[in-house]
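The values are calculated or read from the model by the stated rules, or taken from the named source; none is laboratory data. Bear in mind the structure is a predicted one, so any value in this text is a computation, not a measurement. All Cβ positions, even for glycine, are placed from backbone atoms using ideal geometry, and neighbour counts span all protein chains on display. Calculation scope for accessible area: heavy atoms of the full protein, side chains included, ligands and nucleic acids excluded. Shrake-Rupley method; radii C 1.70, N 1.55, O 1.52, S 1.80 Å.
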Amino acid sequence: MLISIEQSSELTTLGMSGSLSIGDATALAKELAAIPVKPKQYLVIDGHGVASIDSAIALVLKKQMYRWQSQGCHVALKSFNQQATDIMAFVDKHSQYRMPPKVVRPSMISVLEDIGVATEKIIKNFTHLIAFSGLVVERLLLALRHPSRLRVTPLVAQLDQIGFRALAIVGLITFLIGAVIVNQGAFYLRQVGADVFTVDLLSITMLREFGILLTAVIVAGRSGSAFTAQIGSMQLNEEIDAMKTLGMNPIDVLVLPRILALVLIMPLLAFYADLMGLLGGALTAWVTLEVSPVAFIQRFEEAVTVSSFYVGILKAPFFGIMIGLSGCYEGMCVRGSAEKLGFHTTRSVVQSIFLVIVMDAAFAMIFTALDI
Amino acid sequence: MTDNNQTPLISVRGLHTRFGSHVIHENLSLDIYQGEILGIVGGSGTGKSVLLKETLGLITPYKGEITFHNDQGQLDKTSIGVLFQDGALFSALTVRQNIQVPMREMGGVAMDLMDDLAALKIEIVGLPPEAAHKTPSQLSGGMRKRAGLARALSMDPKIVFLDEPTAGLDPMGAAEFDDLILQLRNDLGLTVVMVTHDLDSLYRVTDRVAVLAENQVIAADSVEELEKNNHPWIRAYFHGVRSRQSEER
Ligand SMILES: Nc1ncnc2c1ncn2[C@@H]1O[C@H](COP(=O)(O)OP(=O)(O)O)[C@@H](O)[C@H]1O
Ligand SMILES: [Mg+2]
């Protein structure tokens, strides 16, 4: 108990003691609120045993005093020391307002509202992305008219970062996926006695789809996110604003080199991914199906035409543009806080993978229509 | 405000600081007294922020002693409040939540009491009530500083450390912030240690100023006394002020 209560005929004396601070405040508030009072009653809070209080205790006391007073009681403070009196006066001076309440809406309506707001945001985001693409195209055309103004150094740095440094992970993943396709394909095709078609399965899917898709997903996760984080942190640091005031166009400096690097490097990475995927598949076929490398190559030549290869590689620069646009755009969207940086980085990766797959489906329909 | 035969609240003795081979402080000593507003000045990179962080225990000095003298023994975390150079508000939280962080950390404080306390601190530092539900990125620079101070005050500290509190504020905003600090010291008996580059602040609020140069505190005295000091750096530093003040007259 923090309070001792002494009751005489018409006076209640509440005694407190010790050094009280925020840790005691909640308990004190409860004890005070539990004291039974009658209107017109006289209450005295006796603080002669109190060594010190902090603003939380002062606030609790003051609030309870006002509450009692509004119930018609007479409340007084007695023998508090200077420190306690000062802090109560200070709190009194400064408790003019309460926390403004947060608006709470009925849950059904707020759910609908949230859905609406989210939909609007998605649509807005895509229209902005399209507008941003227009801006980039404009700057690109300008840059092509004055090729000397293209920034070569950052372009080379990006080629190294996006391409060369991704070789290990792209190679490893496509190699393993190639192996898995052969393994799984052989298992089912053998049941119908068609295990020789495993090579067809591998080479067509790898060249047309998997090589480039896997590359795009890896690059989106690796470089798209990096673009957003780099540009976004520059945005937070007001570096982008500084650039503009110094007469540099942030699209020229930051976006074009990244997107151009992707356009140049994606076909090369995809080609490399095809090779590694086929290599993984061929080795697996050799080990598990006892298809010798020579037999594999013969079957490979029969299974695919050069157009299968082109179909895959042709998509590469477009996927690169998508990843670059989405990564740079999300970076430019970062405002305010470090939390937003994380949010936009996530969105950039999700968005570019989504767009790549949508685009891949569109390409598939076009190629089917063209009978390629 | 301070008489020097009083025992200091914090005393720093023979402090050496180095990062690798880069020596920041060498045999630095400084006393901080109860209830004073102590300014710390020095060229940029002389280790003012580092000195604050060492006093706070965030950086361990290479050598030397930092002692707290307090009637209740060792000072704990809640008796020190800090306003970092860049505010260091938690960006994902609203101002209200920022102020409540230490209360939550301590635990056992009722939600409505925490809200009342946050409202109180917000008013003390002169922020408008609506600021409570805003995140730091929605506030202006001056308001962020105030919010940072409100968080520093959330547990009723006895000492507050302010790292360049008025840097980046316009002169009016800076003057208001200075008044706020003075008022808090007078009302709550706070001890204030503030790093500052703002000469107006020095004149307006500080009782004493410690000058950091040559890896040491070369002088710690009132501004009036420092104006008479003959050390070249101190003279250069206060020379501009004197001429400006005479212009104002
Ligand atoms: N954690 C750290 N590691 C290495 N060097 C540091 C670290 N913190 C500060 N420094 C260096 O110490 C010096 C003093 O820094 P600081 O105290 O921030 O200067 P100021 O007096 O401008 O506040 C600077 O040269 C800075 O580079
Ligand atoms: Mg500093």
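Considering B:Ser49, B:Ser21, the condition of being among the hydroxyl-bearing types (Ser, Thr, Tyr) and over 20 Å from B:Phe161 (Cβ atoms) is satisfied by B:Ser21 alone.
Tallying residues that are open to solvent by less than 10 Å² (accessible area, probe 1.4 Å), within 16 Å of ligand 2 (Cβ to nearest atom) and part of a helix (DSSP H, G or I) within the range B:116-168 yields 1. Note on the range A:47-90: residues that are surrounded by fewer than 16 Cβ atoms within 10 Å (Cβ to Cβ) and of a type in the set (Lys, Arg) amount to 2.
Against the numbered list (1) exposed (fewer than 13 other Cβ atoms within 10 Å of the Cβ); (2) within 13 Å of another protein chain (Cβ to nearest Cβ), A:Leu28 comes up short only at (1).
Among residues of the range B:41-61 that are within 16 Å of B:Ala152 (Cβ to Cβ), those with a Cβ under 7 angstrom from a residue that is near ligand 1 (Cβ under 8 Å from one of its atoms) and open to solvent by 30 Å² or more (accessible area, probe 1.4 Å), sequence gap 6+ or separate chain, pair up as B:Ser49/B:Gln85; B:Lys53/B:Ile59. Beta carbons closer than 8 Å, at least 6 apart along the sequence or on distinct chains, pair a first residue in the range B:97-125 that is on the phi > 0 side of the Ramachandran plot with a second that is open to solvent by 10 Å² or more (accessible area, probe 1.4 Å) for B:Gly108/A:Gly23; B:Gly108/A:Thr26.
For A:Ile297, are the conditions met, namely being part of a helix (DSSP H, G or I), of a type in the set (A, V, I, L, M, F, W, C), closer than 30 Å to A:Ser233 by Cα and more than 14 Å from every other protein chain (Cβ to nearest Cβ)? Write out each step before concluding.
Details: part of a helix (DSSP H, G or I): yes; of a type in the set (A, V, I, L, M, F, W, C): yes; closer than 30 Å to A:Ser233 by Cα: no; more than 14 Å from every other protein chain (Cβ to nearest Cβ): yes.
It is false that A:Ile297 is part of a helix (DSSP H, G or I), of a type in the set (A, V, I, L, M, F, W, C), closer than 30 Å to A:Ser233 by Cα and more than 14 Å from every other protein chain (Cβ to nearest Cβ).
Against the definition (open to solvent by less than 90 Å² (accessible area, probe 1.4 Å) and without any contact (Cβ under 8 Å) to a residue 60 or more places away in the chain), how does A:Met332 come out, yes or no?
Details: open to solvent by less than 90 Å² (accessible area, probe 1.4 Å): yes; without any contact (Cβ under 8 Å) to a residue 60 or more places away in the chain: no.
The answer is no for A:Met332.
All conditions but one from (1) more than 12 Å from ligand 1 (Cβ to nearest atom); (2) touching a Leu at 6+ places or on another chain (Cβ under 9 Å); (3) assigned to a helix (DSSP H, G or I) apply to B:Asp112; the one that does not is (2). Restricting the first member to the range A:288-302 and to residues that are free of Cβ contacts under 8 Å to residues at least 60 places away in the same chain, and the second to residues that are part of a helix (DSSP H, G or I), the beta-carbon pairs closer than 8 Å and six or more apart or on different chains are A:Ser292/A:Trp286; A:Pro293/A:Ala282; A:Pro293/A:Trp286. The set of residues in the range B:15-44 being surrounded by fewer than 16 Cβ atoms within 10 Å (Cβ to Cβ), on the phi > 0 side of the Ramachandran plot and either more than 9 Å from ligand 1 (Cβ to nearest atom) or in a strand (DSSP E or B) (or both) consists of B:Asn27 alone.
Considering only the range B:180-194, I want to know if a residue exists there that is free of Cβ contacts under 8 Å to residues at least 60 places away in the same chain, of a type in the set (Asp, Glu), out of contact with any Leu (no Cβ under 6 Å at 6 or more places or on another chain) and within 14 Å of another protein chain (Cβ to nearest Cβ). Spell out how you get there, then give the answer.
Here is the first cut: in the range B:180-194, the residues free of Cβ contacts under 8 Å to residues at least 60 places away in the same chain are B:180, B:183, B:186-188.
From the residues that got through so far, the ones that are of a type in the set (Asp, Glu) too are B:187.
Subset that is out of contact with any Leu (no Cβ under 6 Å at 6 or more places or on another chain): B:187.
Still in the running and within 14 Å of another protein chain (Cβ to nearest Cβ): B:187.
Yes.
Check the range A:273-294 and report whether any residue there is assigned to a loop (DSSP other than H, G, I, E, B) and buried (at least 19 other Cβ atoms within 10 Å of the Cβ). Yes, that holds for at least one residue.
Consider the range B:48-62 and keep the residues that are surrounded by fewer than 17 Cβ atoms within 10 Å (Cβ to Cβ) and more than 10 Å from ligand 1 (Cβ to nearest atom). The one that is nearest to the chain's Cα centre (by Cα) is B:Leu56. Residues in the range B:45-101 that are within 16 Å of ligand 2 (Cβ to nearest atom), modelled with pLDDT of 85 or more and part of a helix (DSSP H, G or I): B:Lys48, B:Ser49, B:Val50, B:Leu51, B:Leu52, B:Lys53, B:Glu54, B:Thr55. Among residues of the range A:31-59 being acidic (Asp, Glu) and within 51 Å of the chain's Cα centre (by Cα), the one that is farthest from the other protein chains (Cβ to nearest Cβ) is A:Glu31. Of the residues making up the range B:85-113, those that are more than 9 Å from chain A (Cβ to nearest Cβ), among the aliphatic types (A, V, I, L, M) and more than 18 Å from A:Leu236 (Cβ to Cβ) are B:Val95, B:Ile99, B:Val101, B:Met111. Scanning the range A:195-205 finds no residues that are assigned by TED's automatic domain parsing to the domain that holds A:Gly281, part of a helix (DSSP H, G or I), charged (D, E, K, R) and closer than 21 Å to A:Ile353 by Cα. Scanning the range A:304-363 for residues that are outside any helix (DSSP H, G or I) and more than 14 Å from chain B (Cβ to nearest Cβ) yields A:Val304, A:Thr305. Taking the listed residues A:Phe210, A:Phe187, the one that is open to solvent by 60 Å² or more (accessible area, probe 1.4 Å) and touching a Ser or Thr at 6+ places or on another chain (Cβ under 8 Å) is A:Phe210, with no other qualifying.
Of the residues making up the range B:183-216, those that are open to solvent by 50 Å² or more (accessible area, probe 1.4 Å) and away from ligand 1 (no atom under 16 Å from the Cβ) are B:Gln183, B:Asn186, B:Leu188, B:Asp200, B:Tyr203, B:Arg204.
Among the conditions (1) in a helix (DSSP H, G or I); (2) open to solvent by 30 Å² or more (accessible area, probe 1.4 Å), the only one that A:Ala216 does not satisfy is (2).
Checking the stated criteria, A:Ala89 turns out not to satisfy the condition of being within 13 Å of chain B (Cβ to nearest Cβ), hydrophobic (A, V, I, L, M, F, W, C), within 24 Å of B:Val109 (Cα to Cα) and touching a Gly at 6+ places or on another chain (Cβ under 9 Å).
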